[in-house]
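Novice: Got a structure for you, written out below as C-alpha cells; questions coming shortly.
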Amino acid sequence: MDNNMLTVNNLHVNAGKAEILRGVDLVIGADETHVLMGPNGTGKSTLGYAIMGSPQYEITEGSIIFDGADITKEPANARAARGIFLSFQNPPDVPGVTLSAFIRSALENISGQRVKLWDYKKKLKETMQLLDMDESYAERDLNVGFSGGEKKKAEILQLLMLEPKFAILDETDSGLDVDAVRIVSSGISEYRKRCRGSLLVITHSTGILSSLRVDRTHVMIDGVIAKSGDASLVDEINANGYSQETDV
C-alpha cells in the first residue's frame with residue numbers, strides 16, 4: 001500500500017449543468033501540507049467540496065481515493081467519519097445549537113462513542129484559550145452573532161477538537177485582520193503538530209502560511225491544476241501573478 005493520504009484521479013465535477021472541474025489530478029501524502037492557489041472562479045472551492053462529498057456537486061468522471069479506500073460515491077457523513085474535515089469559506093449560522101454541543105455531537109458521531117463531559121469541557125477550554133476565544137462563545141448558538149474573525153476561529157476550534165486525518169481549509173484567512181490571521185495560523189500549526197494530519201490550504205494570501213511548512217503548492221486555472229511545485233512557487237506567484245503559471 002502506498003503512503004498517500006489522498007489521491008484524486010482525472011476528476012470531473014459539475015455544478016448544475018456547468019462543468020467546473022475538468023480533469024483534476026492531485027496526490028497528497030501522509031503528514032503533508034499542500035497549498036492550492038489560483039484566480040477566483042477557477043474551481044478551487046469546488047475541489048474542496050467534491051472531496052468532502054457535497055451533494056451540490058456531481059462527479060461525472062474520475063475517482064477520489066482516501067487512505068486507501070475509494071470514497072468517490074460515499075456521502076459526506078461517511079467521509080467525515082473516515083477523518084476528512086472541511087472548513088467553510090463562509091461558515092453558516094446554526095440557530096438552536098451551541099458551539100459546544102455541535103462539536104461534542106460531531107465527536108460522538110465520528111467515534112461512535114459517548115464523550116466524557118468533564119474531559120471534553122477541559123479540552124475545549126484549553127483549546128479556546130489557545131485561539132484567544134472568549135469562553136462564553138462555547139454556549140452561544142453556532143456562528144450566530146459571531147464576527148467574521150470569531151467564525152473562522154470557531155472553524156479552527158472544530159479542527160483542533162475533532163483531530164481529523166485530513167483537513168481542507170477553504171480561504172480560512174478571508175476577511176481576517178493581521179492579528180486574527182496570526183492566531184488562526186498558529187492554530188493550524190498546532191493541528192499539524194498535534195495530529196500530524198495532512199492539510200490542503202486553499203488561499204489567495206500567504207499570511208496564513210507563516211507558521212506552516214509547505215510541502216507542495218498547486219495552481220488551479222480553468223478547472224485543472226496547471227502547475228505544481230514546492231513552497232517557492234508561492235513566492236513566484238506573489239512576484240509574477242498567475243499569468244505565467246500554465247504548464248498545461
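Novice: When every alpha-carbon pair in region 1-122 is counted, what percent end up more than 25 Å apart?
Specialist: For region 1-122, the fraction of Cα-Cα distances above 25 Å is 33 percent.
Novice: Using only the Cα atoms of region 98-214, construct the convex hull and provide its projected area averaged over every direction, in square nanometres to one decimal.
Specialist: If you wrap the Cα atoms of region 98-214 in a convex hull and average its projections, you get 6.9 nm².
Novice: Given contacts defined as C-alpha pairs under 8 Å and at least six residues apart, what's the relative contact order of the chain, whole-number percent?
Specialist: 26
Novice: Still on this structure: How big is the convex hull of the Cα atoms of region 43-84, per residue, in Å³?
Specialist: It is 71 Å³ per residue.
Novice: Alpha carbon centre of region 21-85 versus region 169-205: separation in Å?
Specialist: Taking the Cα centre of each part, region 21-85 and region 169-205 sit 19 Å apart.
Novice: Right, something else. Would you rank SER136, SER210, SER189 by solvent-accessible area, highest first, keeping every protein chain in place and using a 1.4 Å probe?
Specialist: SER210, SER136, SER189
Novice: Here's a follow-up. Just how many % of Cα pairs in region 169-231 lie over 14 Å apart, if you round to the nearest whole percent?
Specialist: 60
Novice: Take the cross-link list LYS17/LYS151; LYS17/LYS153; LYS123/LYS151; LYS73/LYS121 and give me the ones stretching past 29 Å between alpha-carbons.
Specialist: Pairs exceeding the cut-off: LYS17/LYS151; LYS17/LYS153; LYS73/LYS121.
Novice: Per residue of the chain, what 222 nm ellipticity follows from adding -39500 (n - 2.57) for every DSSP H run with n ≥ 4, rounded to the nearest 500?
Specialist: The helix-only estimate for the chain comes to -10500 deg cm²/dmol at 222 nm.
Novice: What list of ³J(HN,Hα) values in whole Hz, one per residue of region 65-77 in order, does the Karplus curve 6.51 cos²θ - 1.76 cosθ + 1.60 (θ = phi - 60°) give from phi, with Gly and Pro shown as x?
Specialist: Per residue, the Karplus-derived 3J(HN,Hα) values read 10, 10, 6, x, 10, 7, 10, 3, 9, 7, x, 4, 5 Hz.
Novice: When the Kirkwood hydrodynamic radius is evaluated over all pairs of different C-alpha atoms of the chain, what value in angstrom, to one decimal, is obtained?
Specialist: Roughly 18.5 Å, rounded to one decimal.
Novice: On to the next question. So which aspartates and glutamates can LYS122 reach, going by Cα to Cα under 17 Å and dropping same-chain residues fewer than 8 places off?
Specialist: Straight-distance partners of LYS122: GLU108, ASP132, ASP134, GLU135, GLU139, GLU163.
Novice: What is the sum of charges, Lys and Arg at +1 and Asp and Glu at -1, for the other residues whose Cβ falls under 14 Å from the Cβ of ARG22?
Specialist: -4
The values are calculated or read from the model by the stated rules, or taken from the named source; none is laboratory data. It should be emphasised that the depicted structure is a prediction, and the values quoted were computed from it without experimental measurement. Methodologically, a virtual Cβ is constructed for each residue, glycine included, from the backbone with ideal geometry; neighbour enumeration extends over all protein chains shown. Areas reflect the complete protein model, heavy atoms only, side chains present, ligands, DNA and RNA absent. Shrake-Rupley method; radii C 1.70, N 1.55, O 1.52, S 1.80 Å.
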